[in-house]
Amino acid sequence: MRSSSGVILRTAFAVGGGYLAASGAFGSFCTLSVVAGMRRSEAVALGTMLVFVLYLILILWVFAVGALWRPCFVFMLMIAVGYITAFYSGSGS
(Lines give C-alpha, C1' and ligand atoms only; values in the text may rest on other atoms or scores of the structure.)
Protein backbone atom coordinates (compact mmCIF):
# COMPACT_ATOMS: atom_id res chain seq x y z
CA MET A 1 0.00 0.00 0.00
CA ARG A 2 1.32 3.42 -0.93
CA SER A 3 1.54 6.33 1.46
CA SER A 4 -0.81 9.25 1.04
CA SER A 5 2.01 11.60 0.05
CA GLY A 6 3.07 9.14 -2.66
CA VAL A 7 -0.45 9.00 -4.02
CA ILE A 8 -0.72 12.80 -3.99
CA LEU A 9 2.63 13.08 -5.80
CA ARG A 10 1.61 10.53 -8.41
CA THR A 11 -1.75 12.23 -8.90
CA ALA A 12 -0.18 15.64 -9.41
CA PHE A 13 2.44 14.18 -11.73
CA ALA A 14 -0.12 12.18 -13.71
CA VAL A 15 -2.44 15.14 -14.20
CA GLY A 16 0.16 17.85 -14.81
CA GLY A 17 2.89 15.85 -16.51
CA GLY A 18 0.40 13.83 -18.50
CA TYR A 19 -1.24 17.00 -19.76
CA LEU A 20 2.07 18.52 -20.84
CA ALA A 21 3.23 15.28 -22.45
CA ALA A 22 -0.07 14.86 -24.29
CA SER A 23 0.03 18.45 -25.52
CA GLY A 24 3.56 17.90 -26.78
CA ALA A 25 2.43 14.76 -28.62
CA PHE A 26 -0.54 16.70 -30.00
CA GLY A 27 1.74 19.39 -31.42
CA SER A 28 4.05 16.84 -33.01
CA PHE A 29 1.22 14.79 -34.46
CA CYS A 30 -0.60 17.78 -35.94
CA THR A 31 2.59 19.25 -37.38
CA LEU A 32 3.62 15.97 -38.96
CA SER A 33 0.09 15.35 -40.27
CA VAL A 34 -0.01 18.74 -41.98
CA VAL A 35 3.45 18.19 -43.44
CA ALA A 36 2.26 14.81 -44.75
CA GLY A 37 -0.58 16.50 -46.63
CA MET A 38 -3.56 16.37 -44.29
CA ARG A 39 -5.69 19.49 -44.04
CA ARG A 40 -5.09 21.48 -40.89
CA SER A 41 -8.64 21.17 -39.58
CA GLU A 42 -8.64 17.39 -40.05
CA ALA A 43 -5.22 17.08 -38.39
CA VAL A 44 -6.42 19.01 -35.36
CA ALA A 45 -9.65 16.99 -35.09
CA LEU A 46 -7.85 13.66 -35.37
CA GLY A 47 -5.08 14.81 -33.04
CA THR A 48 -7.59 15.88 -30.40
CA MET A 49 -9.28 12.48 -30.45
CA LEU A 50 -6.00 10.61 -30.23
CA VAL A 51 -4.64 12.80 -27.44
CA PHE A 52 -7.63 12.06 -25.20
CA VAL A 53 -6.78 8.37 -25.41
CA LEU A 54 -3.06 9.05 -24.92
CA TYR A 55 -3.75 11.22 -21.85
CA LEU A 56 -5.81 8.43 -20.27
CA ILE A 57 -3.06 5.89 -20.97
CA LEU A 58 -0.40 8.17 -19.47
CA ILE A 59 -2.42 8.73 -16.30
CA LEU A 60 -3.02 5.01 -15.85
CA TRP A 61 0.65 4.24 -16.52
CA VAL A 62 1.84 6.58 -13.75
CA PHE A 63 -0.15 4.59 -11.20
CA ALA A 64 0.67 1.17 -12.66
CA VAL A 65 4.46 1.50 -12.81
CA GLY A 66 6.54 0.78 -9.73
CA ALA A 67 9.27 3.39 -10.19
CA LEU A 68 8.22 6.95 -10.94
CA TRP A 69 11.42 7.76 -12.87
CA ARG A 70 10.23 5.85 -15.97
CA PRO A 71 7.15 7.97 -16.67
CA CYS A 72 9.09 11.07 -15.66
CA PHE A 73 11.73 10.35 -18.30
CA VAL A 74 9.14 9.54 -20.98
CA PHE A 75 7.06 12.63 -20.15
CA MET A 76 10.11 14.90 -20.37
CA LEU A 77 11.07 13.33 -23.69
CA MET A 78 7.55 13.75 -25.10
CA ILE A 79 7.36 17.35 -23.92
CA ALA A 80 10.75 18.23 -25.40
CA VAL A 81 10.10 16.56 -28.75
CA GLY A 82 6.63 18.06 -29.03
CA TYR A 83 7.59 21.61 -28.31
CA ILE A 84 10.81 21.48 -30.32
CA THR A 85 8.87 20.14 -33.30
CA ALA A 86 6.30 22.92 -32.97
CA PHE A 87 9.01 25.58 -32.57
CA TYR A 88 11.05 24.54 -35.57
CA SER A 89 8.06 24.00 -37.82
CA GLY A 90 6.95 27.61 -37.31
CA SER A 91 3.43 26.61 -36.30
CA GLY A 92 3.30 29.22 -33.56
CA SER A 93 2.95 32.15 -35.96
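The values are calculated or read from the model by the stated rules, or taken from the named source; none is laboratory data. Just so it is clear, the structure is predicted and the values come from calculations on it, not from any experiment. Methodologically, a virtual Cβ is constructed for each residue, glycine included, from the backbone with ideal geometry; neighbour enumeration extends over all protein chains shown. Surface accessibility is based on the protein's heavy atoms, side chains included, excluding ligands, DNA and RNA. Shrake-Rupley method; radii C 1.70, N 1.55, O 1.52, S 1.80 Å.
A few remarks follow.
- Looking at the chain, the accessible area is 66 square angstrom per residue; that uses a 1.4 Å probe and ignores ligands, DNA and RNA.
- Calculated mean residue ellipticity, 222 nm, the chain: -26500 deg cm²/dmol, from DSSP H runs (n ≥ 4) at -39500 (n - 2.57) each, averaged per residue and rounded to 500.
- Hydrophobic long helices, here whole DSSP H runs in the chain with Kyte-Doolittle means of at least 1.6 and Cα atoms spread over 27 Å or more along the helix axis, are found at 40-64.
- Options (i) 17, 43, 25, 12, 3; (ii) 16, 28, 25, 21, 8, 1; (iii) 16, 53, 29, 2 - which one matches P(r) over Cα pairs in 10 Å bins from 0, in percent as calculated here: (i)
- The chain - percent of accessible surface contributed by carbon and sulfur, probe 1.4 Å: 77
- The length gained on full extension between M49 and V74, counted as 0.36 nm times the residue separation minus their Cα-Cα distance, comes to 6.9 nm.
- Relative contact order of the chain, pairs being alpha-carbon contacts under 8 Å that are 6 or more residues apart, as %: 46
- A simple spin-label model places the labels of V7 and S89 3.9 nm from each other, with each point 7 Å out along Cα-to-Cβ.
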